[in-house]
Amino acid sequence: MGKVVDLNCDMGESFGRYTLGLDYEVMDEISSANIACGFHAGDFMVLSKTVKWAIEKKVGIGAHPGYPDLQGFGRRNMDLSAEEVENLTLYQIGAIYAFAKANGANLQHVKPHGNFYIQIYNNAMKGDPSMAQAVGKAVQRFDDSLILLALAGTEMAKIWREMGLRVAEEVFPDREYNADGTLVSRKVKGAVITDHTKVVERAVKMVRDGGILSIDGKPISNFRFDTMCVHGDNPETLQVVRDIVQAFKKNQIEVKPMGSFIA
């Protein structure tokens, strides 16, 4: 890939009187926002202001559909039929679209959240494409120009491309990878990288070299990606995002919304 990348971040996950994340500040650094749709987090008031902030700061608007699991923040598995997966995805895309359209904006992408995302790629890896196909069908029914975000190099990306959909493959600079390019489980010690200097260095290396090291130190090279997921839920992690953006500038890496360069 060239030295152009999208930075995406989860947004709109506050609920009622509870505030989660530093969305307004983070939007100054990123190019695409994955906005919660009310199932795993968020509500109609949070949705409204988050979409308005994204428009104000010229950030690409994305639906972030998750399991209907407010108490568990969408991080618990659910046994749903393909029809249920398709319709819960369509429902949540529609919620974001309503607020975007009401404010004169368009949707750019769809990124499944939490265990919804994990189950899609786990099932696809095990030879069961039904979940990924159901999400793809929801996008096809709504607007097949929307971009779907998939973990780089995985079957979920392949399935959606075979359905004729636009796909942005993503990486995580603060996560360790297995040798096959999948994410190391959060249950494994060290799976989430907390050394901020290392995270920034990995972010630059990922874009510059198009590859990373697996958790056992082996290179995973020559895999393509378009977008990088960053987190800014507190002042400490917000600074990491800012440091990544500054490091990108120093290395002549341009941050742009994925919709401007995904075919």
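No lab work stands behind these numbers, since they all come straight from the coordinates. What you see is a predicted model, and the numbers here were worked out from it, not measured in a lab. Cβ: placed from backbone, ideal geometry, glycine included. Neighbour counts: every protein chain shown.
With respect to (1) surrounded by fewer than 16 Cβ atoms within 10 Å (Cβ to Cβ); (2) within 23 Å of residue 259 (Cα to Cα), the lone exception for residue 83 is condition (2). Taking the stretch 206-240 as the range and being in a helix (DSSP H, G or I), farther than 17 Å from residue 169 by Cα and out of contact with any Leu (no Cβ under 6 Å at 6 or more places or on another chain) as the test, the residues that pass are 235, 236, 237, 239, 240.
Pairs only if they're at least six apart or on different chains, beta carbon under 6 angstrom, first in the stretch 19-30 and of a type outside the set (D, E, K, R), second part of a loop (DSSP other than H, G, I, E, B) and surrounded by fewer than 18 Cβ atoms within 10 Å (Cβ to Cβ); list them, first residue then second. Pairs that qualify, where the first residue is of a type outside the set (D, E, K, R) and the partner is part of a loop (DSSP other than H, G, I, E, B) and surrounded by fewer than 18 Cβ atoms within 10 Å (Cβ to Cβ), are 21/233; 27/57. Determine which member of the set 95, 54, 63 is among the hydrophobic types (A, V, I, L, M, F, W, C), part of a helix (DSSP H, G or I) and either closer than 13 Å to residue 116 by Cβ or out of contact with any strand residue (DSSP E or B) (no Cβ under 6 Å at 6 or more places or on another chain) (or both). Within the list 95, 54, 63, the selection yields 95. Figure legend. Inter-residue proximity from the stretch 224-244: first residues closer than 26 Å to residue 261 by Cβ, second residues of a type in the set (Ser, Thr, Tyr), beta-carbon distance below 9 Å, spacing 6+ or different chains. Indicated pairs: 227/31; 227/32; 230/237; 231/237; 243/197. Of the residues screened, residue 41 is not one that is within 22 Å of residue 173 (Cβ to Cβ) and surrounded by 23 or more Cβ atoms within 10 Å (Cβ to Cβ). The number of residues in the stretch 153-205 being in a helix (DSSP H, G or I), touching a strand residue (DSSP E or B) at 6+ places or on another chain (Cβ under 9 Å) and closer than 16 Å to residue 119 by Cα comes to 5.
What do you reckon, is residue 227 surrounded by fewer than 15 Cβ atoms within 10 Å (Cβ to Cβ), polar (S, T, N, Q) and either closer than 23 Å to residue 29 by Cβ or touching a Cys at 6+ places or on another chain (Cβ under 7 Å) (or both)? No; evaluated as a whole, the condition is false for this residue.
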